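Written out below as structure tokens is the structure these notes cover.
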Amino acid sequence: MLSWVLVGTIRTLALRRGVLDIPNARSSHVRPTPRLGGMGIVAAVVVPGVTVAAVAGLLTRELVVVLVLATAVSLVSLLDDLRGLPAVARLFVHLVTAVLAVSWLGPLDVVMPGVNADSVAGSALAHVVTVVWIAGFVNAFNFMDGTDGIAAGQALVAAAGWGLAGWWLNEPALVLVGAAVAAAAAGFLPHNWSPATIFMGDVGSAFLGFVLATLPLLANSPRPLLTALLPVWPFVFDTAITLARRARRRENLLSAHRSHLYQRLTQSGWPHARAAILYSSLALAGVGVSVPMATGVLRTPLPALTLLVAGSALLWILVAWQERHPKATLGAVSAGRSDHA
């Protein structure tokens, strides 16, 4: 409720002050739309989260680290929303906060053939991979926040999944942050559902990306990289395959574009709401495998690998088929937002 009220209030203020996302050649929307709705998400996670944790005696160092660093990332992104910052400067902040998170919370469990996880080399590899994972996913989440409801839907599903895993593992901090993020995303979603009346902006996407990437680090149990990836795998795959295609074409990877898989779906006639539901459903399938893995119920990675390979292939085939059979209702592209590199 707090998220819903705050986002509605921010929308009113943004309209009065002209803080709007103006459509351009690379936009997915056609009318000026208020932005900065992510400020409501940040406040609706941090304020109740810290308050409840303090009252319940759950205000641990780990929880404080995640929320403080995520808030710091969101404040830098707010500055970018208002005045603009170079992409290199934003990436530097993401890397620094990722290093701090891993230093204080420890890395994910990274298994590589021929590398002993308990060795110095194994520990160094785990730290580096986790830093790259956090900083990379912050940017991936920002890239993917380009159509109505898709980012909030992904955050709702993934955070709820981690909250469920935390409840199963008796990890109160994981339950608290997972529930707060899921609830804040749910409160934002009615404002952002197609046709969106407000966008979250980088202030919201960077915050959500950082929290979702670091949520696995709140677990005291084994935390494999695979379980961190599964709840958000559609965003990771879409970003990875899009960057690979752009690199192969020697395009500037930092420039704005409209070539993500979800953008190609909407450009070929899919309604924005359908694209958001598709990605949320794919994420839900990932949660269905990641929770049993995180809780130790599922001890083999085979279902996870099968889902990643089959799901990625099906998504790619769907996009290719849709582009060969575009619908006439291309006016469905009228909702959404611009993709920020």
Worksheet item: In the stretch 194-215, what count of residues is obtained for those that are within 17 Å of Val96 (Cα to Cα) and surrounded by fewer than 24 Cβ atoms within 10 Å (Cβ to Cβ)?
Response: 0
Worksheet item: Going by the conditions given, is Arg31 closer than 29 Å to Leu265 by Cβ and surrounded by fewer than 20 Cβ atoms within 10 Å (Cβ to Cβ)?
Response: yes
Worksheet item: Name the residues in the stretch 270-288 that are in a loop (DSSP other than H, G, I, E, B) and under 19 Å from Leu314 (Cβ atoms), would you?
Response: Trp270
Item to complete: Could you tell me which residue of the stretch 143-185 is farthest from Val65 (Cα to Cα), considering only residues that are at pLDDT below 95 and among the polar types (S, T, N, Q)?
Response: Thr147
Discussion item. Please go through the stretch 156-210 and give me each residue that is on the phi > 0 side of the Ramachandran plot and within 15 Å of the chain's Cα centre (by Cα), ordered by number.
Written reply: Gly201
Practice prompt. Among residues belonging to the stretch 251-266 that are outside any loop (DSSP other than H, G, I, E, B) and touching a residue at least 60 places away in the same chain (Cβ under 8 Å), point out the one that is farthest from the chain's Cα centre (by Cα).
Written response: Thr266
Worksheet item: Within the stretch 91-103, how many residues turn out to be closer than 17 Å to Val211 by Cβ and either modelled with pLDDT under 95 or of a type in the set (Ser, Thr, Tyr) (or both)?
Response: 1
Worksheet item: Hey, among Arg16, Arg11, which residue is of a type outside the set (S, T, N, Q), more than 27 Å from Gly269 (Cβ to Cβ) and modelled with pLDDT of 95 or more?
Response: Arg11
Worksheet item: Does at least one position in the stretch 239-260 carry a residue that is of a type in the set (Val, Ile, Thr), crowded, with 24+ Cβ neighbours inside 10 Å and touching a helix residue (DSSP H, G or I) at 6+ places or on another chain (Cβ under 6 Å)?
Response: no
Worksheet item: Is it the case that the stretch 13-23 has a residue that's outside any helix (DSSP H, G or I) and of a type in the set (Asp, Glu)?
Response: yes
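The values are calculated or read from the model by the stated rules, or taken from the named source; none is laboratory data. Fair warning: this is a prediction, and the values are worked out from it, not measured in the lab. Neighbour counts are summed over all protein chains in view; Cβ atoms, including those assigned to glycine, are modelled from backbone coordinates with ideal geometry.
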